[in-house]
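Participant: Got a structure here, written out as structure tokens. Questions coming.
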Amino acid sequence: MPGSLLSAKLVKTDQLSANTLQLSFEFVQDDRASFNFIAGQFVQLQLEIDGALHKRSYSIANSADHFKTSGQLQVALSLVSGGVASGFFRKAPPGFQLNIAGPFGALTLLENFPGQLVLVGTGTGISPYRSMIPQLKALTDKGTSVTVFKGFRYREESIYSEDFAQLSNLKFRTCLSRESNVNPANHEYVGHVQDQFDALNLNPEKDVVYLCGNPGMIDDCVILLRDKGLSPRQIKREKYVYSGH
């Protein structure tokens, strides 16, 4: 049931990059059977620390098929200096139990797109698109043009590149805002994700753009896209509002 509060335990923590952790959770058996999500949705982790309840929302990073076969739900967490959740999950042991609410959100894919599909994410805002990989493969196999823009400050912060690279028909660009030297052969570009729209020759009547990540990036992209003639229904977005993670 959407929005249900379910019991889960932490089973694994992986360091994805210099400032990102991937957390893998398993639901207790009864709750696992009742949890269903659509790629692109997010969950809310509820942590009780020193008697205080802290709620943090994260996009689901693995596909529904992977969840069904592995029984694990994955999310990516950006490490923030002094952040409550960051500090906790740096040290949280396997087996730690917590409640998870969800799934929530409507940053989900249609079955068909009349034009090209552009997926834009900064930092862990790339996570929902990783969850979509099986659907993206189906879309590109049918001939849909799909481009992923990934935005990070430094190369060492990049995550999930190998997952997108496995899709031979998918195009992607990694935008590095604080690197002076980039490697175009690895699809790297200097600057921000919003600098890349001009290269797409967007069709304002057919193309659809998804935006996930930093609120400032999303606001800037929306202005640019509307200036290019895209209507609100062609721009889907999910803002990550900073909460001192």
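Participant: Any idea what the alpha-carbon Rg over 2.2 N^0.38 Å comes to for segment 63-125?
Facilitator: Its radius of gyration relative to the 2.2 N^0.38 Å reference: 1.51.
Participant: While we're looking at this one, here's another question. Whole-Hz ³J(HN,Hα) for each residue in segment 81-86, computed from phi via Karplus 6.51 cos²θ - 1.76 cosθ + 1.60 with θ = phi - 60°, x for glycine and proline: what do you get?
Facilitator: Coupling constants for segment 81-86: 4, x, x, 5, 5, 4 Hz.
Participant: Please list, in chain and number order, the residues 5+ apart from Ala92 or on another chain whose amide H is under 5 Å from its amide H, with Hs placed from the backbone.
Facilitator: none
Participant: For the chain, what does the relative contact order come out to in percent, with C-alpha contacts under 8 Å and a separation of six or more?
Facilitator: Averaging sequence separation for qualifying contacts and normalising by length gives 20 percent for the chain.
Participant: Students often forget the sequence filter, so: which lysines lie under 21 Å Cα-Cα from Lys68 once same-chain residues fewer than 8 apart are removed?
Facilitator: Lys9, Lys12, Lys137
Participant: Output ³J(HN,Hα) for segment 210-227: one whole-Hz value per residue in order, computed from phi by the Karplus curve 6.51 cos²θ - 1.76 cosθ + 1.60 with θ = phi - 60°, and x for Gly and Pro.
Facilitator: Result, ordered by residue: 9, 10, 8, x, 4, x, x, 4, 4, 4, 5, 5, 4, 4, 4, 5, 5, 5 Hz.
Participant: Here's a follow-up. Grab the beta carbon distance between Glu26 and Tyr154, set R0 = 25 Å, and tell me the FRET efficiency rounded to 0.05.
Facilitator: After rounding to 0.05, the efficiency reads 0.15.
Participant: Which loop-located trypsin sites (Lys or Arg not before Pro) does segment 139-228 contain, where loop means any DSSP state but H, G, I, E or B and the Cβ has at most 12 other Cβ atoms within 10 Å?
Facilitator: Lys142, Arg178, Lys206
Participant: In addition: Does the chain classify as rounded, prolate or oblate by the C-alpha gyration tensor (a ≥ b ≥ c root eigenvalues; a/c under 1.5 gives rounded; else a/b over b/c gives prolate, otherwise oblate)?
Facilitator: Prolate.
Participant: Note down the nm distance, to one decimal, between modelled labels 7 Å out along Cα→Cβ at Ser81 and at Asp141.
Facilitator: Label-label distance for Ser81 and Asp141, simple model: 4.7 nm.
Participant: What is the set of long-range amide H partners of Leu16 at a cut-off below 5 Å, with H atoms built 1.01 Å from backbone N?
Facilitator: Long-range HN contacts for Leu16: Leu21, Gln22.
Participant: Where in segment 95-119 is the amide nitrogen less than 15 Å from a point lying 7 Å along the Cα-to-Cβ axis of Ser231?
Facilitator: 114-115
Participant: Can you give the relative contact order of segment 4-104 as a percent, counting alpha carbon pairs under 8 Å and 6+ residues apart?
Facilitator: 40 percent
Participant: Right, next: Using Cα pairs closer than 8 Å and at least 6 residues apart in sequence, work out the relative contact order for segment 131-245, in percent.
Facilitator: Working: 135 pairs, mean separation 21.6, N = 115.
Here the relative contact order equals 19 percent.
Participant: Let me ask something else about it. Can you say what percent of the DSSP beta bridges in the chain, counting only those with both residues inside, are antiparallel? Round to 5.
Facilitator: Here the share of antiparallel DSSP bridges comes out near 60 percent.
Participant: 5 Å is the cut-off here: which amide hydrogens, built 1.01 Å from N in the peptide plane, fall below it relative to Ala39, excluding neighbours closer than 5 in sequence?
Facilitator: Result for Ala39 returns Ala64.
Participant: Using θ = phi - 60° and the Karplus curve 6.51 cos²θ - 1.76 cosθ + 1.60, what whole-Hz ³J(HN,Hα) does each residue of segment 91-102 get, with Gly and Pro shown as x?
Facilitator: Per residue, the Karplus-derived 3J(HN,Hα) values read 10, 4, x, x, x, 4, 9, 7, 9, 10, 9, x Hz.
Participant: Across all directions of projection, what mean area in square nanometres is found for the Cα convex hull of segment 132-245? All intermediate terms of the calculation are to be shown ahead of the outcome.
Facilitator: Working: hull surface 32.1 nm².
That works out to 8.0 nm².
Participant: Additional query: Restricting to DSSP H runs of at least four residues, report the calculated mean residue ellipticity at 222 nm for the chain, -39500 (n - 2.57) per run over all residues, nearest 500 deg cm²/dmol.
Facilitator: Here the helix-only value at 222 nm equals -5500 deg cm²/dmol.
Participant: When the chain is modelled as a GNM with alpha-carbon springs shorter than 10 Å, which of Thr69, Thr108, Thr124 fluctuates the most?
Facilitator: Thr69
Only the coordinates and a few stated rules stand behind these numbers; no lab work does. Everything numeric in this text was worked out from a predicted model, so none of it was measured. Every residue, glycine as well, gets a Cβ built from its backbone with ideal geometry; the counts of neighbours run over all protein chains shown.
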